[in-house]
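Visitor: Dumping the structure here so I can ask a few things about it.
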Amino acid sequence: MTKLKIGILSYRSAPFGGGQGIYVRDISQALSSLGHTVDVISGEPYPELYSGVRLIKLPGMNLFETFSFKDRLKKFVTNPINLINIQEFVSTLFGGFPEMRSFGNRVDSFLEVNNQYDIIIDNQSLSYGMLAIQKRFPFIEIIHHPITMDLKHDLEANRKFLYWLSRKRWYSFLKMQKKVAPQINKIITVSMSSKRDIMNDFRCDEGNISVIHNGLDTNIFRPHENIKRNKYRLITTASADVPLKGLDYTLQAVAKLKKDIDIELIVIGKMRVDGHTSRLMKKLNLNSRVHFKTNLTKEEISIEYAKSSVAIVSSLYEGFGYPVIEAMSCATPLIAAKTSSIPELVDDYATLIEARNSNSLANSIKDVLNNYEEYKYKAIQGREHVIRQFNWSKISKQYEDIIINNIKDFNQNAHI
């Protein structure tokens, strides 16, 4: 088979937070392992990539590195004064998030000169620049889930008018994404749940959307037989103060359990100083029970799972729940909210509870701890399920098949 030159676009690719950098790292390595030449073209912050995958840095102003007006102004005046940068600075100044639009314009200009790619894959910017790129290259858009879901749960968490106003301004990029998405010819998403939401919220044609699950390195996320599990140690992954992740309900369950159990919760994520989660922990008297850990490698996260007896995913929505399959791959008994993509991922190998129900969560945790051998056996079966369904060997071949067909379709249409 002909080896391809593949360009993967990512408007920001933080290596530890947000999932985008992790996804870009994994998919670029998976396609590279098939023998293709893969370039990741990324805005700041930049990803950490496997050897053999080239990173092309496409810097913008990186205004969200700081929230200081003085620092942002300095970034603006030390960069080229052009229309893209002026629009980005003004939008940021008034509470918007313009990175996706700016990146789309920059990468469109970059690819007009650097046009050697056989196919371009964009990771969820859904910006106007992608429509121009789609005319010149075989093109695939990755949509993990429509960000309309983030806005919905954000507004449900706080109904104050000023908060509503600030959130609507921040998510103003959705107007662009709703215009762009229906015009994209080929979309890959990560679950049937996300596909339904993309069709409903972005009005995309069902025939343009393919579902390919994300993969996991089960050699990294594995049981560590030499590490003893702490019987009363729970673990969850959540960005604090992001309502979508449902951390409030896990904290409320821990508060109920601490009366009778010497319970401890590890949160893989960062807590905002004096933010909502910090205030809730203080109110529930949980500061000595809950510990946040951030900037961990995959291996370090795997070890945290190995030290824990129960994993919890209390998310209100997951386009694709990486923490779900990570916990299962580590053979850690899992309790998860029965919502969005989660039932699709776990099958029968986890305990599913209703979302937003801290009482049900607390009762399920007690049940797992009191019948641990039964749930441990289910967790071992869960790891086998992950190995079968979410291995990169299988998934990279699915991507390759869609890429090849997309190139064929583009070339045929070019000659019509």
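Visitor: Kindly provide the set of residues from region 382-392 that are touching a residue at least 12 places away in the same chain (Cβ under 8 Å) and either in contact with a helix residue (DSSP H, G or I) (Cβ under 9 Å, 6 or more places away or on another chain) or over 27 Å from Asn219 (Cβ atoms) (or both), ordered by number. Please lay out each step first, then the result.
Guide: Just the residues of region 382-392 that are touching a residue at least 12 places away in the same chain (Cβ under 8 Å), to begin with: 382-383, 385-387, 389-392.
Result: Gly382, Arg383, His385, Val386, Ile387, Gln389, Phe390, Trp392.
Visitor: Tyr249 versus (1) of a type in the set (Phe, Trp, Tyr); (2) assigned to a loop (DSSP other than H, G, I, E, B); (3) assigned by TED's automatic domain parsing to the domain that holds Leu296: which is the lone unmet condition?
Guide: Here Tyr249 clears every test but (2).
Visitor: Going residue by residue through region 88-103, is there one that turns out to be more than 24 Å from the chain's Cα centre (by Cα) and among the β-branched types (Val, Ile, Thr)?
Guide: Yes, region 88-103 has at least one match.
Visitor: Of the residues Asn200, Asn219, Asn208, which is more than 23 Å from Ser341 (Cα to Cα) and either at pLDDT 95 or above or surrounded by fewer than 20 Cβ atoms within 10 Å (Cβ to Cβ) (or both)?
Guide: Working: Asn200 fails: more than 23 Å from Ser341 (Cα to Cα); Asn208 fails: more than 23 Å from Ser341 (Cα to Cα).
From the options Asn200, Asn219, Asn208, the qualifying one is Asn219.
Visitor: With Ala311, Ala327 as the choices, which residue is assigned to a strand (DSSP E or B), touching a Leu at 6+ places or on another chain (Cβ under 8 Å) and under 15 Å from Ile268 (Cα atoms)? Quick ask: steps written out before the conclusion?
Guide: On the way: Ala327 fails: assigned to a strand (DSSP E or B).
The match here is Ala311.
Visitor: Checking Ile387 against (1) at pLDDT 95 or above; (2) farther than 26 Å from Leu352 by Cβ: exactly one of these is not met. Which one?
Guide: (2)
Visitor: Can I ask one more? With respect to Ser91, determine if the residue is surrounded by 21 or more Cβ atoms within 10 Å (Cβ to Cβ) and of a type in the set (Ser, Thr, Tyr). Explain how you work it out, then say what you get.
Guide: Values: surrounded by 21 or more Cβ atoms within 10 Å (Cβ to Cβ): no; of a type in the set (Ser, Thr, Tyr): yes.
It is false that Ser91 is surrounded by 21 or more Cβ atoms within 10 Å (Cβ to Cβ) and of a type in the set (Ser, Thr, Tyr).
Visitor: Can I ask one more? Among the listed residues Ile220, Ile187, Ile261, which satisfies the condition of being assigned by TED's automatic domain parsing to the domain that holds Thr339, over 16 Å from the mean Cα position of the chain (by Cα) and of a type in the set (A, V, I, L, M, F, W, C)?
Guide: On the way: Ile220 fails: assigned by TED's automatic domain parsing to the domain that holds Thr339; Ile187 fails: assigned by TED's automatic domain parsing to the domain that holds Thr339.
Step by step, each of Ile220, Ile187, Ile261 is checked, and only Ile261 is assigned by TED's automatic domain parsing to the domain that holds Thr339, over 16 Å from the mean Cα position of the chain (by Cα) and of a type in the set (A, V, I, L, M, F, W, C).
Visitor: If you check Leu316 against the conditions, is it within 24 Å of Gln124 (Cβ to Cβ), under 23 Å from the mean Cα position of the chain (by Cα) and not in a helix (DSSP H, G or I)?
Guide: Details: within 24 Å of Gln124 (Cβ to Cβ): yes; under 23 Å from the mean Cα position of the chain (by Cα): yes; not in a helix (DSSP H, G or I): yes.
It is true that Leu316 is within 24 Å of Gln124 (Cβ to Cβ), under 23 Å from the mean Cα position of the chain (by Cα) and not in a helix (DSSP H, G or I).
Visitor: Just checking, how many residues over region 355-378 are touching a Ser or Thr at 6+ places or on another chain (Cβ under 6 Å) and either loosely packed, with under 14 Cβ neighbours inside 10 Å or closer than 22 Å to Asn230 by Cβ (or both)?
Guide: Qualifying residue count, region 355-378: 1.
Visitor: Hey, does region 291-305 have a residue that's more than 21 Å from the chain's Cα centre (by Cα), crowded, with 18+ Cβ neighbours inside 10 Å and closer than 26 Å to Thr218 by Cβ?
Guide: Scanning region 291-305 turns up no residue that is more than 21 Å from the chain's Cα centre (by Cα), crowded, with 18+ Cβ neighbours inside 10 Å and closer than 26 Å to Thr218 by Cβ.
Visitor: Tell me whether region 113-128 contains one or more residues that are charged (D, E, K, R) and in contact with a His (Cβ under 9 Å, 6 or more places away or on another chain). Reasoning before the result, please.
Guide: Going residue by residue through region 113-128, those that are charged (D, E, K, R) are 118, 122.
Adding the requirement that they be in contact with a His (Cβ under 9 Å, 6 or more places away or on another chain) leaves 118.
Within region 113-128 (the criterion being charged (D, E, K, R) and in contact with a His (Cβ under 9 Å, 6 or more places away or on another chain)), the answer is yes, since at least one residue qualifies.
Visitor: Then there's this: Mind listing whichever residues of region 256-299 are among the basic types (Lys, Arg) and closer than 30 Å to Tyr23 by Cα?
Guide: Residues of region 256-299 that are among the basic types (Lys, Arg), as a first pass: 256, 258-259, 270, 272, 279, 282-283, 289, 293, 298.
Hits for region 256-299 are Lys270, Arg272, Lys293, Lys298.
Visitor: Inside region 183-206, can you point out the residues that are touching a residue at least 24 places away in the same chain (Cβ under 8 Å) and either closer than 19 Å to Asp409 by Cα or not in a helix (DSSP H, G or I) (or both)?
Guide: If the condition is that a residue be touching a residue at least 24 places away in the same chain (Cβ under 8 Å) and either closer than 19 Å to Asp409 by Cα or not in a helix (DSSP H, G or I) (or both), then Gln183, Ile184, Asn185, Lys186, Ile187, Ile188, Thr189, Val190, Ser191, Arg203 are the ones that fit.
Visitor: Next question. Out of all the residues in region 74-87, which are over 16 Å from Glu99 (Cα atoms) and either part of a helix (DSSP H, G or I) or at pLDDT 95 or above (or both)?
Guide: Residues satisfying the conditions are Lys74, Val77.
Visitor: Please determine whether any residue of region 229-246 is outside the structural domain of Ala379 (by TED's automatic domain parsing), among the hydrophobic types (A, V, I, L, M, F, W, C), touching a residue at least 12 places away in the same chain (Cβ under 8 Å) and in contact with a Lys or Arg (Cβ under 9 Å, 6 or more places away or on another chain).
Guide: No - not one qualifying residue is present in region 229-246.
Visitor: On to the next question. Select from region 222-244 the residues that are buried (at least 17 other Cβ atoms within 10 Å of the Cβ) and of a type in the set (A, V, I, L, M, F, W, C) and write down the one among them that is nearest to Arg272 (Cα to Cα).
Guide: Ala240
Visitor: Looking at region 347-359, can you tell me whether even one residue there is in a helix (DSSP H, G or I) and outside the structural domain of His144 (by TED's automatic domain parsing)?
Guide: Step one: of region 347-359, the residues in a helix (DSSP H, G or I) are 358-359.
Retained after the next criterion (residues that are outside the structural domain of His144 (by TED's automatic domain parsing)): 358-359.
Yes; the residues of region 347-359 include at least one that is in a helix (DSSP H, G or I) and outside the structural domain of His144 (by TED's automatic domain parsing).
Visitor: Which numbered condition in (1) without any contact (Cβ under 8 Å) to a residue 60 or more places away in the chain; (2) in a strand (DSSP E or B) is the only one that Arg272 fails?
Guide: Only one criterion is unmet by Arg272, namely (2).
Visitor: With respect to Tyr372, is the statement that it is among the aromatic types (Phe, Trp, Tyr), at pLDDT 95 or above and under 25 Å from the mean Cα position of the chain (by Cα) true?
Guide: Working: among the aromatic types (Phe, Trp, Tyr): yes; at pLDDT 95 or above: yes; under 25 Å from the mean Cα position of the chain (by Cα): no.
Spelling it out, it is not the case that Tyr372 is among the aromatic types (Phe, Trp, Tyr), at pLDDT 95 or above and under 25 Å from the mean Cα position of the chain (by Cα).
Visitor: Further question: Given the conditions (1) of a type in the set (Val, Ile, Thr); (2) within 18 Å of Ile212 (Cα to Cα); (3) assigned to a loop (DSSP other than H, G, I, E, B), report the number of the one that Thr339 does not fulfil.
Guide: Tallying (1) of a type in the set (Val, Ile, Thr); (2) within 18 Å of Ile212 (Cα to Cα); (3) assigned to a loop (DSSP other than H, G, I, E, B), Thr339 fails exactly one: (2).
Visitor: Hey, Ser340 hits all of (1) more than 20 Å from Tyr23 (Cα to Cα); (2) hydroxyl-bearing (Ser, Thr, Tyr); (3) crowded, with 16+ Cβ neighbours inside 10 Å but one; which does it fall short on?
Guide: (1)
The values are calculated or read from the model by the stated rules, or taken from the named source; none is laboratory data. Because the structure is predicted, anything quoted here is derived from the model rather than measured. As a convention, Cβ positions derive from the backbone with ideal geometry for all residues, glycine included, and neighbour counts pool all protein chains shown.
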